[in-house]
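Colleague: Below is a structure I'd like to ask you about.
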Amino acid sequence: MIKTLAVFAALLFGMMTSHSQDLTGTEADSLRLVLNKSIPDTNRLEILFRLAEFYIVKSGEDKQDLDYAAEYLKKTEVIN
């Protein structure tokens, strides 16, 4: 649990300090498709973090979005 919170905090800090472009819904869909393919773990981690970020900063207040973000963060924990 503490490890998950540390990863989440790092992700939030990264979002606040980075100037990366926000994902669109279409781009998020494309990244989810890439996850189904065999890719290196470093790429998989980056995609999982990007998808988690997408659901955290996505407009609207839907609890399910935060649940999706938490799922992607948990998957990063397994890889890491």
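The values are calculated or read from the model by the stated rules, or taken from the named source; none is laboratory data. The structure displayed is predicted, hence computed values, not measured ones. As a convention, Cβ positions derive from the backbone with ideal geometry for all residues, glycine included, and neighbour counts pool all protein chains shown. Side chains are part of the model used for accessible areas, which takes the heavy atoms of the whole protein and leaves out ligands, DNA and RNA. Shrake-Rupley method; radii C 1.70, N 1.55, O 1.52, S 1.80 Å.
Colleague: With labels modelled as points extended 7 Å from the Cα through the Cβ direction, what inter-label distance (nm, one decimal) is found for residue 71 paired with residue 38?
Modeller: 2.5 nm
Colleague: Give a residue-ordered list of calculated ³J(HN,Hα) values for segment 71-80 (Karplus: 6.51 cos²θ - 1.76 cosθ + 1.60, θ = phi - 60°; whole Hz; x for Gly, Pro).
Modeller: Values per residue, Gly and Pro as x: 4, 5, 5, 5, 5, 5, 5, 5, 6, 6 Hz.
Colleague: Also: Just to verify a number: what accessible area does residue 62 come out at with the full protein assembly present, 1.4 Å probe, Å² rounded to tens?
Modeller: 80 Å²
Colleague: A further question on this structure: Subtract the Cα-Cα distance of residue 24 and residue 80 from 0.36 nm times their separation in residues, and report this length gain in nm to one decimal.
Modeller: 17.5 nm
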